[in-house]
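Structure first, commentary second.
Every number here is computed from the coordinates shown, using simple stated rules; none is lab data. Worth saying up front: this structure is predicted, and the values here are computed from it rather than measured. Cβ coordinates were reconstructed from backbone atoms using ideal geometry, including for glycine residues, and neighbour counts include every protein chain displayed.
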Amino acid sequence: MKHLIFIFLAVIFICFKTNAQVPVKVFEITNILVDGCAGSDEGRNEMVLFRIGPNPVNVSDLRVDGAGATGLISTNRWPNTNNIWRGIAPPPAKPSEISQINATILNCGFLIEPVNGILPAGKNVLMITSTEFSTFAHSFTTLQDTLYVIFQNAGNTAGHFVNYGTPSSLRTMVLTHVPTNIGDTVIYDRSLLVNQLQQPGAQDGAAVAYDWPGNPEYYNNGCQAPYQALDASWTSPSQICSSNSVLDLSMMIDGTPGGTWTGTGVSGHFFNPAGLNGTYDITYTVGTPPCSVSETQQITVIESPSAQWTPPAALCSDASPVQLNTLISGTTGGTWSGTGVSGNTFNPSGLSGNYSITYTVSIPPCSDSETHDIQIIPKASAQWNIPPAFCDNSVPVQFSTLITGDTGGLWWGTGISNNLDGTFNPSLAGSGQHTVTYGISGACGDSLERTVIVHESPDYVLASTDESCIGQSDGSASLIVSNGTAPYSIEWSNLSDSDSIFNLSPGLYSFTITDDNLCQISGQVVIIASQEDCISSNIFVPNIFSPNGDQINDILYVRGPAITSMRFLIYNRWGQKMFESNNVNTGWNGQYKGLPAELGVYNWMLEAQLLNGNEVKKSGNVTLVR
């Protein structure tokens, strides 16, 4: 069972002069554009690139510390310590300027500001030193992929770094995550900065790239923003046997890491030669299509003999000898070894316990072997009662309480999380019919399997609206129930049994959904009290609508009795405008260019003039379902 939560996602991938995998710590600085373009306005157009680690980072938690020639770190100062750190402008800070830059990109790269100020884990971020930057100072025309971009608040005009100069003089920048006080420190020598001929000297475009240990590389790409083309080169291994261990292809990359592999035998970044025989094309691809690059090479797999065999069920110690060759499902003609083995015969007489038996087969230059345990046990009674049916969200139960035969055995099967007491976890097993077996030792082995039924529990999508203005008590909550077995019953904490409740005062509302198999799921929703007066805040845009022709919630309207004029815009997750309206009576029918739009989350922006003369600017998102 999974709750359906709609999230606006942007897929980010870009390659710098450093490793493109996810950092272990909070973030890693990868590039500094020390000598920006824009002439005398250089100070507002410098850039810092860094990569987020394993956890998301809020832009409000960032701080820059710096040190000049003294090497003494000053808090809230840049390497040019005359410039203070002014914090990050809350996104979206410069949507129109970002749109202008995106329009100049000739490849299919894309700049995007973080949603709600959250920089997702593992993503690359471009920090520009002022919201008053020039959209034309640096070129992004050859950008191949998508990149998050954030801006320092305006106020500094001088350069934040120190450009080329002699003698040797070090400058230090520290990017700090304030809540954890963990940061990344990089240092550069101003005398080693290079011009556009890649020789020491002063010229626009001087920059420094860093690997994660902080080692600098000085370069100058002129007035191009600091990014690199993707490289899919890799080195193929020599011939391997089909029985060899799984091969980690990421260890063979010569170009940009972090890409994807395709081809026969490939899963993720691993190549498994098992079961293969011949020469196979393996392709490594970096980037997101259509901006990806690929390189294909061949791996030759020599078929290995298979030593696969299936051990017999548990044997009594007085059982007849087993002809081991009858158990072979792989290549015949090999040899057997282990206690109780003579030639190709296993004799359990006089044995008790587990015995490792190995089958080995060789066809030079490849060979294979496989070992299994053969268990010699006494007989016992493994009787246990038929368990009741479960819901897939029921609490785990111990099947050992159902035993009617001998105790002390082991349990196995789908959903069993404890082999000793037979703990069965319906959530782990999932809905359906599952086989669970109880086996026990004794005078001779015994086991009994039963079918365990797990019903799918209901699921839901929850949408709610908070109180629109002070004292209005007009919140609402709606449920769309799925999965499980219809019909469903719904019970709210306010005693309502409807799938939608309205005119809600601020507070907590809980609910329980029960399906025809008596499977249940519970949840809650909080209606937040408004802090705005009713004239300014009584503007409402639903956060979900269903243009399915049922005459219910088919059109997405802006509602507000105090609106005199407005501009209402809807964008998809790629920033493409889907709809625009200047009239409260004209709403979106969920179509784009006459065709139904894709299901999912869309962003909206609203500018409105009110009867009291106030101007309101709002934005949010809406989920389109059918």
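Beyond 27 Å between alpha-carbons counts as too far, so tell me which of Lys25/Lys577; Lys577/Lys617; Lys94/Lys617 fall in that bin. Intermediate values should be presented prior to the final figure.
On the way: Lys25/Lys577 37 Å; Lys577/Lys617 18 Å; Lys94/Lys617 15 Å.
Listed pairs above 27 Å: Lys25/Lys577.
Have a look at Thr146, Ser168, Gln520 and report the one farthest towards the positive end of the charge dipole of the chain, computed about the Cα centre with Cβ charges (Lys/Arg +1, Asp/Glu -1).
Farthest towards the positive pole: Ser168.
³J(HN,Hα) across the stretch 209-219 via Karplus (A = 6.51, B = -1.76, C = 1.60, θ = phi - 60°), whole Hz, x for Gly/Pro?
9, 10, 7, 5, x, x, 6, x, 10, 8, 8
Using only helices, what value at 222 nm comes out for the chain when you add -39,500 (n - 2.57) per DSSP H run of length 4 or more and divide by the total residues, to the nearest 500 deg cm²/dmol?
Numbers: 3 runs with 18 residues, N = 626.
That calculation yields -500 deg cm²/dmol at 222 nm.
Label Asn272 and Ile555 with points 7 Å out from Cα along Cα→Cβ: what is the distance between them in nm?
5.5
Could you give each residue of the stretch 328-341 its phi-based ³J(HN,Hα) in whole Hz, using Karplus coefficients 6.51, -1.76, 1.60 with θ = phi - 60°, and x for Gly or Pro?
After applying 6.51 cos²θ - 1.76 cosθ + 1.60, I find 6, 10, x, 8, 7, x, x, 10, 10, 8, x, 4, x, 9 Hz.
Gap in Å between the Cα centre of the stretch 401-445 and the Cα centre of the stretch 233-281?
39
How far is helix 95-104 tilted, in degrees, relative to the longest principal axis of the Cα atoms in the chain, given as a value from 0 to 90 rounded to the nearest 10?
Here the helix axis deviates by roughly 80 degrees.
How high is the FRET efficiency between Ser238 and Asn582 when r is their beta carbon distance and R₀ equals 60 Å, given to the nearest 0.05?
Values: r = 68 Å, r/R0 = 1.13.
The formula returns an efficiency of 0.35 here.
Could you tell me the calculated FRET efficiency between Val461 and Val395, based on Cβ-Cβ distance and R0 = 22 angstrom, to the nearest 0.05? Don't skip to the answer; put the middle values down first.
Working: r = 25 Å, r/R0 = 1.13.
Computed FRET efficiency for Val461 and Val395: 0.35.
Name the residue farthest towards the positive end of the dipole of the chain from the options Ala207, Ser233, Gly590, assuming +1 on Cβ of Lys and Arg, -1 on Cβ of Asp and Glu, about the Cα centre.
Going by the Cα projections, it comes out as Ala207.
Hey, of [x] 1.28; [y] 1.07; [z] 0.98, which did the structure itself give for Rg/Rh (Cα atoms, Kirkwood Rh) when calculated?
Read-out taken from this structure: [y].
Once amide H atoms are placed 1.01 Å from N in the peptide plane, what residues at a sequence separation of 5 or more from Gly122, or on another chain, have their amide H within under 5 Å of its amide H?
Amide H neighbours of Gly122: Ile52, Gly53, Asn55.
Taking +1 at the Cβ of each Lys and Arg and -1 at the Cβ of each Asp and Glu, which of Gly155, Gly334, Asn614 sits farthest along the dipole of the chain towards its positive end, judged by Cα position relative to the Cα centre?
It is Gly155, whose Cα lies furthest towards the positive end.
Under a straight-distance cross-link criterion of Cα-Cα below 19 Å, which aspartates and glutamates are reachable from Lys593, leaving out those fewer than 8 residues away in the same chain?
Leaving aside aspartates and glutamates fewer than 8 places away in the same chain, those within reach of Lys593 are Asp554, Glu580.
Taking the simple approach of a point 7 Å from Cα along Cα-to-Cβ for both Thr485 and Asn517, what is their distance in nm?
Once both label points are built, they end up 0.6 nm from each other.
How much net charge surrounds Trp574 when only other residues with a Cβ under 14 Å from its Cβ are counted (Lys, Arg +1; Asp, Glu -1)? Mind showing how you got there, number by number?
On the way: positive: Arg573, Lys577; negative: Glu113, Asp145, Glu598.
Charge balance in the 14 Å sphere: -1.
Using θ = phi - 60° and the Karplus form 6.51 cos²θ - 1.76 cosθ + 1.60, what ³J(HN,Hα) does each residue of the stretch 385-391 get, whole Hz, x for Gly and Pro?
Karplus values, whole Hz, x for Gly and Pro: 6, 5, x, x, 6, 10, 9.
What residues have an amide H closer than 5 Å to that of Asp499, excluding those fewer than 5 places away on the same chain, when H is modeled at 1.01 Å from N in the peptide plane?
none
Amide H neighbours of Asn548 under 5 Å, counting only residues 5+ apart in sequence or on other chains, H built in-plane at 1.01 Å?
none
For the chain, what relative contact order do you get, as a whole percent, if you take Cα pairs closer than 8 Å and at least 6 residues apart?
Values: 1636 pairs, mean separation 51.9, N = 626.
Answer for the chain is 8 percent.
What length, rounded to one decimal in nm, is gained on full extension from Thr104 through to Asn82, with 0.36 nm per residue of separation minus their alpha-carbon distance? Walk me through the numbers before you get to the answer.
Details: separation 22, 0.36 × 22 = 7.92 nm, distance 3.41 nm.
Taking 0.36 nm per residue and subtracting the Cα distance, the gain is 4.5 nm.
Put a dot 7 Å past each Cα toward the Cβ at Gln323 and Gln196; how far apart are the dots in nm?
The answer from the label model is 8.4 nm.
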